[in-house]
Amino acid sequence: MPSFDEIIAADHKVEPRDEMPEAYRHTLIRQIAQHAHSEIIGMQPEGTWITRAPTLKRKAILMAKVQDEAGHGLYLYSAVETLGVSRNELMERLHAGRQKYSSIFNYPTLTWGDIGAIGWLVDGAAITNQLMLARCSYGPYARAMVKICKEESFHQRQGFEIMLTLANGTAEQRAMAQDSLDRWWWPSLMMFGPHDAESTHSEQSTAWKIKRVSNDRLRQEFVDMTVPQAEFLGLTVPDPELRWNEQTNHYDTGPIDWDEFWAVVKGNGPLNRERIAHKVAVWEENAWVRAAAEAHAAKHMGARD
Ligand code: BYC
């Protein structure tokens, strides 16, 4: 059996049966659990618009998207379980605030335009990060990312298509699209995490090939991809310092408000408390479903013996 270091050096995948350093296991549990929780908490801002979608077709599409997010959460919880932590334990850690989820899901969805902006920008940022994670060194995480990225591409397109419809609509609809871009642009850039110089985990995670591209490089990739899309929509990115730089062949951007980022990460964003309170309430209300599923599974196991 090759050692952990040999697997990493050969660019092969580490599988659950392989020996791995405790710190590698811990960092994967931290990151994959945070990712899974993001998918599940991320159902809340969009879920609230299912009953208010403007047409039956939009409602069906949004419902399918929110269900996809649930599925992503489930694959990712399964990937964490391969590292020896049960799903119930992960829920307890999330509910007690001992594990995080992405900062982006602490902002409110005030209008239908926000559903377009989430698909376009939030799923767009998520794919940029996840295409890299599909090449990460831990097999179950990398494989989950492949399927998730395919679904996120559809999500991103449906969000862009909502923005396109609004941008080509009435003056009021165009204003709604612009307002959503204004409110979601900076939080989307924050999804990529702190600047590389402030990123505590990047060096080690890069050495272990969990991360293959840095926070800042991925953020830049996202900006370079998204600014021309905003131009196509006829919308203005809310950054007065945004400029194409001929020397670097990238866009230069203004500064990110890191005080806002850390406030949200530390639990003081616009909706942190509401998101967790809702999650805990639903978990408690639905205890009977889990009990019934367990009783059903136990009965079937008994029947097979
Ligand atoms: N929010 O050392 P760093 C979706 C924390 S959902 C909150 O750079 P790392 C969707 C970080 O945890 C997709 N916390 O960390 C769903 C660390 O704190 P701890 C969500 C953040 O791990 C529904 C500290 O800051 N995607 O697509 O090397 C509807 C220092 O950071 C954030 C993922 O979860 C943040 N934004 O790199 C629609 C991607 N950023 O843990 C769409 C998976 C940083 O030491 N995660 N922190 O207390 C990753 O790729 C990496 O964890 C990150 C951060 C790039 C986010």
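Summary value for segment 132-229: 31 percent relative contact order, contacts being C-alpha pairs under 8 angstrom separated by 6+ residues. In segment 190-229, the portion of solvent-accessible area held by carbon and sulfur atoms comes to 52 percent [1.4 Å probe, whole percent, DNA, RNA and ligands not counted]. Given K65/K100; K13/K266; K65/K147; K65/K279, which pairs have Cα atoms separated by over 24 Å? Going by Cα-Cα distance, K13/K266 fall outside the 24 Å limit.
The protection proxy used here, the mean number of other Cβ atoms lying within 10 Å of each residue, ranks peptides 116-123, 285-292 as follows, highest first: 116-123, 285-292.
Shown in residue order for segment 138-150 are the 3J(HN,Hα) couplings computed by the Karplus curve 6.51 cos²θ - 1.76 cosθ + 1.60 at θ = phi - 60°: 8, x, x, 6, 4, 5, 4, 5, 4, 5, 4, 4, 4 Hz (x for Gly and Pro).
Taking amide H as placed 1.01 Å from N in the peptide plane, H250 has its amide H under 5 Å from the amide H of N245, each at least 5 places away in sequence or on another chain.
For the pair segment 50-97 and segment 261-305, the centres of their Cα atoms are 10 angstrom apart.
Taking 0.36 nm per residue of separation and subtracting the Cα-Cα distance, full extension of the segment from R217 to K266 would add 15.2 nm. Which part of segment 75-106 falls in the paramagnetic zone of F4, meaning amide N under 20 Å from the point 7 Å along Cα-to-beta-carbon? In segment 75-106, the label zone of F4 (backbone N under 20 Å from the point 7 Å along Cα→Cβ) covers 79-86. Entry note, the chain: the mean residue ellipticity at 222 nm calculated from DSSP H runs of n ≥ 4, each adding -39500 (n - 2.57), is -20500 deg cm²/dmol after division by the residues and rounding to the nearest 500. With the gyration tensor restricted to C-alpha atoms of the chain, the semi-axes of the equivalent ellipsoid amount to 33, 27, 17 Å, longest first. The residues of the chain present an accessible area of 51 Å² per residue when probed at 1.4 Å with all protein chains retained. In a simple Cβ point-charge model (Lys, Arg +1; Asp, Glu -1; nothing else charged), the chain has a dipole of about 1000 debye relative to its Cα centre.
The values are calculated or read from the model by the stated rules, or taken from the named source; none is laboratory data. This one's a predicted model, so the numbers in the text were calculated from it and none came from an experiment. Positions of Cβ are backbone-derived with ideal geometry, glycine not excepted, and every protein chain shown enters the neighbour counts. Surface areas here come from the heavy atoms of the whole protein model, side chains and all, with no ligands, DNA or RNA. Shrake-Rupley method; radii C 1.70, N 1.55, O 1.52, S 1.80 Å.
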